[in-house]
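Notes follow once the structure below has been shown.
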Amino acid sequence: MRKEGIVATTLIPEMVSLDSLFAFCRETAQDPEFTVAKRWLAEHPGKKAIGCFPIYCPVELIHASGMLPLGIIGAGNQIEITFADARFQSFVCSIVKSTLELGLTNRLKFLEGMLFHSICDPARNLSSVFERNFPDLLVEYIHFPQNFASPLARQYLATEYRRILDSLAQRSGHRPTPDDLNYSIELYNRIRARLREIYQIRTETPHLLSAAESFVLTRAGTLMAPEDFLKLLDRAVVDLPRRPIRPKDRIRVVLEGSFCELPPVGLIETLEEAGCYILDDDFLRGWRWFTEDVPLQENPLAALAESYSERAYYSGTKHDSREAKAAHLIRLAKEKKADAVVFQAAKFCEPALFDYALYRKALEDAKIPHLLLEFEEKTWSFDRARSEAETFVESLLFD
Amino acid sequence: MAQGTAKTDYQGRIHNLQKDMIGRYYSRLTAAAENKGEKAIYMLISGNPVELIEAFDMIPVYPEVNALQLAVKKQSLPLILAAEEMGYSTDNCAYVKADIGMYFAGRKTPFATIPEPDLILCNYVGCNVYLQWFEHLKEYSKAPIYNLDVPFFRTRSEDPSEEDVHYVVKQLEELIEILERMSGKKLDYQKLQHIVELSGETGALWSEIKRLARQRPTPFDAYFDSVMMMAPLYCLRGTEDGLWFFQEAYKEMKQRADNREGPLSEEKFRVVMEGPPPWPYLRQFRDMFSRWGAVAVASTYSTVGGIWEFGFRHDPQHPLESIARHMLQWNLTNRNFLQRYRQIKEYVDDWAADALVIHSVKSCRLFSAGQGDMREYFTKQLNVPTLLIESDLEDPRYFSEAQLRNRVDAFFEALEHQRMLVKS
């Protein structure tokens, strides 16, 4: 809960403690009314906001065009699906429906546009459904190449970014220069570097920062101005090592499969309470996309495109030519000295569920225990996940 | 009123011709599997460069066609279950599961032994599942893979951009290099031109056949009978045999049209069908419509591998560019949902349809995700009576016959009632 006196200050409240910072982030992360973003827009007259559907979105293009990129990533368990169920069938994942529901209930009216990406078939069709139902919204669909064995793919992606940039500039009235783009790249580089530090803290000292806390921090960051988010991150990185928390007897796991639809915070907490230190995960992968800084160079679009190909984390929706996905997961688990892998896929998420078939065999071959969980963003009760996780943890702790 | 069951199999001459030709195609696959034949190139049905494969005398293998054959022959369920045992989800595309199940069952089917791939050519045309399907086949077979990345036709312009076309043509050139290395010979450009010409003529005839369905009665069912013609269109496109099949098919259909012969004794309702058919229960599904005198005059499924009825032709003067345009623009799979709405609207208008039937399949979310919005558009904005029903294209567990029949009956009863009201 937010503490007394914090609300009254300007955009991002002065945080009394890390706990209050995480409480603020938790509230922001689960707010289907986008209060923080709307307040920022009110304080910056003339500014517009662009929604970004998962997974990865080149937010720098939006920022450099003078607009605010926001993560529009479903509605969690905060709203009822009333209208979108009639548009998307029962076998389509929840995030597609809840994102449409946000639109159909006028909660996205404050946006200037929405960007969708070639991540899966439902997201692709959702983009069209948005275009038809919200004619005032700028709707763009970005094609991410999948032929990274060829140098052509990177070149092509740079031309795709040019197309998107032109479209954004038309809406914002500002055509960004290479310097503008590099400024935005540098800003987001700093954010991503901070997020990598946060994840490093979790890997090295998982008792100091729970996965649920790092999740709400990252998610809240997608719903505010990047400049403000950076301040929060700076604060967190300084304060976290001083936290007076003692380690517990828990198993160490790497979590995969939740790269798009957001798991309920309660589910992440349930896993942790059941006895897991989650050293690494793929929550909000798209907002942390790069493993190192995007280089600042004369042609920023080429730098972003090249980085998409060469400096990205592995993802179920990017068909990498660098290493087979399953082999990569095994290497990651070993690097993190994990005892086990939790594969936590959103229900009906085909990319994740297909990956699981490959992962399962590789994990069995490597003799790394794993737990498969399916979730939906709208879930409230985690009793079943709790008992499965507890059984799993016990089998490892007392093996 | 619905009438018992109508005779709903296509009984013309080309039915047997098709059987013979596809039988020969499968014999080639078996020969390749036994190392007596050509090199096997795995590919997807949607816009693909089969012309290049034929130019190198290699044989295309289509896992989608194999999967659907398994479903038609009622062999799919045990294979799907075997894949689920391996870790595939009940929510994954059942084409993939049946194919992977078959792969690990020794690649033996009632119709052929499927060869191991010499090259996995993933023509990524719209469907994201394609990428994962072929990624998995690569993991299991260890064969080389080439992802031919086709930018989705996502803009509001009439044509894909020059950058899109250029990007695909350049990749086709990379593919040619791979095929040259595999075959040890250079591409014979004139041979490619000839093959592309055959594809162009085949497409033209297929287009003519489809346009015959604008007549009343339509000489064939543009959903259930089209699927019979789709096998030669995909497996034999770019060959003399394939062209011959379509010459014969056109003659037969033209004659039927001239004689005013339709697939049913009486054509009461003309419908547009959207979505793939339920292969495990094709006959039962067809009968649900036949008993109401409902005939498909157009279908989107018959355009997954190519849309020719609006004028596209492969062009021997520009072989690579026309292959690229076929992959980018002239197939249903690579088009966005709103382009599909427009395509269906054209069918409703120009093929004079009374209604739209949407068969929503769980396996293929590319086809189905969002079809509720499609129904909304056609019923509310265009006033086209629309039926939305659900089952699956491969997994027999999702076919609930009684439920489907009730929905179909209620729909046509209402249509009939409306007609009576209008008449009186």
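Values quoted throughout were computed directly from the atomic coordinates according to the rules given, and no laboratory measurement underlies them. Computed from a predicted structure; not experimentally measured. Using ideal geometry, Cβ is built from the backbone for each residue, glycine included, and neighbour counts are taken over all protein chains shown.
Before moving on, here are some points about what is shown:
- Acute angle (nearest 10 degrees) that the helix A:226-239 long axis makes with the longest principal axis of chain A, alpha-carbon atoms: 30
- Potential extension, residue A:337-residue A:299 segment - 0.36 nm per residue separation minus Cα distance: 9.8 nm
- Here r is the Cβ-Cβ distance between residue B:186 and residue B:397 and R0 is 41 Å; the resulting FRET efficiency, rounded to 0.05, is 0.25.
- Stokes-Einstein D (µm²/s) once Rh is taken as the Kirkwood radius of the range A:18-174 over alpha-carbon pairs, at 10 °C in 1.306 mPa s: 95
- Per residue of B:35-46, other chain Cβ atoms within 10 Å of the residue Cβ number 0 on average.
- Listing A:56, A:313 from fewest to most neighbouring C-beta atoms within 10 Å gives A:313, A:56.
- Taking A:364, B:64 and counting other C-beta atoms within 10 Å, the order from fewest to most: A:364, B:64
- Distances between every pair of Cα atoms in the range B:1-160, grouped in 5 Å steps from 0 to the bin holding the largest one, split as 2, 8, 15, 19, 18, 14, 10, 7, 4, 2, 1, 0 percent.
- Degrees, to the nearest 10: A:18-29 long Cα axis against longest axis of chain A: 60
- Taking chain B and dividing mean pair separation by its residue count, relative contact order in percent (alpha carbons under 8 Å, at least six apart): 21
- For the Cα trace of chain A, dividing Rg by the Kirkwood Rh returns an Rg/Rh value of 0.94.
- Peptide B:159-169, shielding by other chains (average Cβ, 10 Å cutoff): 3
- The range A:216-268: C-alpha gyration tensor shape, a/c 1.5 cut-off, then a/b vs b/c: oblate
- Each 10 Å bin from zero holds the following percent of Cα-Cα pairs in the range B:10-70: 20, 47, 29, 4.
- Residues B:169, A:341, sorted so that the one with the fewest Cβ neighbours within 10 Å comes first: B:169, A:341
- 10 Å Cβ neighbours from other chains, averaged over peptide B:114-125: 1
- Hydrodynamic radius (Kirkwood) for the range A:209-322, which is based on Cα pairs only, to one decimal in Å: 16.2
- Whichever aspartates and glutamates have a C-alpha closer than 13 Å to that of residue B:73, once near sequence neighbours (fewer than 8 apart) are set aside: B:394, B:395
- For the range A:77-157, the alpha carbon convex hull comes to 113 Å³ per residue, rounded to a whole number.
- Long-range amide H partners of residue A:144 with built H, under 5 Å: A:118
- Globularity index of chain B, i.e. its alpha-carbon radius of gyration over 2.2 N^0.38 Å: 0.96
- Size descriptor for the range B:112-247, Kirkwood hydrodynamic radius: 17.9 Å (Cα pairs only, one decimal).
- Only lysine pairs 8 or more places apart, or on different chains, with alpha-carbon atoms under 22 angstrom apart are counted in the range B:144-259, and they number 5.
- For the pair the range B:343-370 and the range B:236-313, the centres of their Cα atoms are 15 angstrom apart.
- Considering only A:61, B:255, A:111, the residue lying farthest towards the positive end of the dipole of the protein assembly as shown is B:255, judged by Cα position with unit charges set on Cβ.
- Calculated [θ] (222 nm, deg cm²/dmol) that DSSP helices of n ≥ 4 give over chain A, each run adding -39,500 (n - 2.57): -15000 deg cm²/dmol
- FRET efficiency, residue A:196 to residue B:36 (Cβ-Cβ, R0 35 Å, nearest 0.05): 0.05
- Legend: Rg and Dmax of the protein assembly as shown, from Cα coordinates, 27.5, 89 Å.
- Integer Hz, Karplus 6.51/-1.76/1.60 couplings in order for the range A:380-392, x for Gly and Pro: 10, 10, 10, 4, 5, 4, 4, 5, 5, 5, 4, 4, 5
- log₁₀ of I(q)/I(0) at q = 0.12, 0.14, 0.18 Å⁻¹ - the range A:181-397, Debye sum with one point per alpha carbon: -0.65, -0.89, -1.44
- Cα centre as origin, Lys/Arg/Asp/Glu Cβ charges: the range A:181-397 dipole, Debye: 400
- About the Cα centre, charge dipole magnitude for chain A (Lys/Arg +1, Asp/Glu -1 at Cβ), debye: 280
- Among the listed pairs B:345/B:380; A:97/B:138; A:318/B:39, a Cα-Cα separation exceeding 22 Å is found for A:97/B:138; A:318/B:39.
- Other-chain or far-sequence residues with amide H under 5 Å of residue A:375's (modelled H): A:345, A:346, A:347
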